[in-house]
Amino acid sequence: MFVTVETAAPAAVIVAIDGPSGTGKSSTSKAVAAKLALSYLDTGAQYRAITWWMLSNGVDIQDPTAIATAAGKPAIVSGTDPAAPTITVDGQDAAGPIRTKEVTSAVSAVSAVPEVRSLITDLQRTIAGSAERGIVVEGRDIGTTVLPDADLKIFLTASPEARAARRSGELKGKEASDLAATREALIKRDAADSSRKTSPLAKADDAVEVDTTELTLEQVIECVVTLIEAKIAEKAGPAATAEAGQVAP
Ligand SMILES: Nc1ncnc2c1ncn2[C@@H]1O[C@H](COP(=O)(O)OP(=O)(O)O)[C@@H](O)[C@H]1O
Ligand SMILES: Nc1ccn([C@@H]2O[C@H](COP(=O)(O)OP(=O)(O)O)[C@@H](O)[C@H]2O)c(=O)n1
């Protein structure tokens, strides 16, 4: 006699994608999350959002004490649909304002303040913990600090030249033509993010490193999808074996 086994829904898969600016974290994470019906969280957008609030509210971003005192004031809410990620600050759509040059220049100083990191890290863990099917979380310290038990950790890299060319391609007019300035700004931000005391940009020991310099975005997406699918199959374990729905008595 054979009995039918109801296989439980696959356990949520947690994926951490870290790396410096312009390596393809956002584009890759959004695309793989959409393909695999997972949630998506852009943690850089959260640090940008709190930075925008600080700038808009006259907080001196050279003063870590002032930043720490104000850190708990704004309410930052992230929407995790990879097809339409959102970010609001005190109920106001912040998607546009967080991408300005002013915010980009100020974000490393704000994100280095431990009180800011502690608040945003708690928020990130809550979001990741409530993603039913799982989530792709991208940032700088996800694999090392925010989600050290993630099922899969990926660290994306690319040469500074490739990263600057990609970033420059997103800018318009005069800014786009100034490749050298883009490269310098990017290297400066990497250095600040990598050298701060509290959870710097770093590759976790157990992360898979993918150098995207010579890869197209499609190739990177395919590579990451393959890694996640393998992890999902591994997590399913014996349940996958019962996939046919039949076991001997
Ligand atoms: N492998 C790649 N080859 C070429 N362009 C890429 C690649 N990956 C990403 N891009 C482009 O580079 C820019 C930066 O990518 P993004 O995903 O925002 O990087 P990050 O989130 O790491 O800063 C985007 O315009 C994106 O389309
Ligand atoms: N997990 C994270 C994500 C971003 N950040 C900070 O937020 C900034 C903006 O992140 P981002 O991902 O939007 O940056 P881009 O590389 O996309 O320009 C970074 O330069 C870091 O200072 C961080 O400290 N930790």
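The values are calculated or read from the model by the stated rules, or taken from the named source; none is laboratory data. In this text the structure is predicted, and so the values were computed from the model without any measurement. When we count neighbours, we look across all protein chains shown, and the Cβ atoms used for this are built from the backbone with ideal geometry, even at glycine. When the accessible area is computed, the model is the full protein with side chains, heavy atoms only, and any ligands, DNA or RNA have been set aside. Shrake-Rupley method; radii C 1.70, N 1.55, O 1.52, S 1.80 Å.
A few notes on this one:
- Ordering of 104-114, 186-196 by burial proxy (mean other Cβ atoms within 10 Å per residue, highest first): 104-114, 186-196
- Principal-axis tilt of helix 25-35 within the chain, Cα atoms, nearest 10 degrees: 30
- Radius 12 Å from Cβ of Val89, net charge of other residues (Lys, Arg +1; Asp, Glu -1): 0
- The reciprocal of the average 1/r between distinct C-alpha atoms defines the Kirkwood hydrodynamic radius, which for the chain equals 19.2 Å.
- Full-stretch length increase - Asp149, Thr88 - with 0.36 nm per residue and alpha-carbon distance subtracted: 19.2 nm
- When the solvent-accessible area of the chain is split by element, carbon and sulfur atoms take up 56 percent of it, the probe being 1.4 Å.
- Principal-axis analysis of the Cα atoms of the chain puts helix 43-56 at an angle of about 30° to the longest axis.
- Solvent-accessible area per residue, Å², over segment 75-202 with all protein chains present [probe radius 1.4 Å]: 50
- 3J(HN,Hα) from dihedral phi, segment 144-156, Karplus parametrisation 6.51/-1.76/1.60, rounded to Hz, x for glycine, proline: 8, 10, 5, 10, x, 9, 3, 5, 9, 10, 10, 10, 8
- Between the helical axis of 179-195 and the longest alpha-carbon principal axis of the chain there is an angle of about 70 degrees.
- Debye equation applied to the C-alpha atoms of segment 34-92, log10 I(q)/I(0) at 0.16, 0.26 Å⁻¹: -0.55, -1.03
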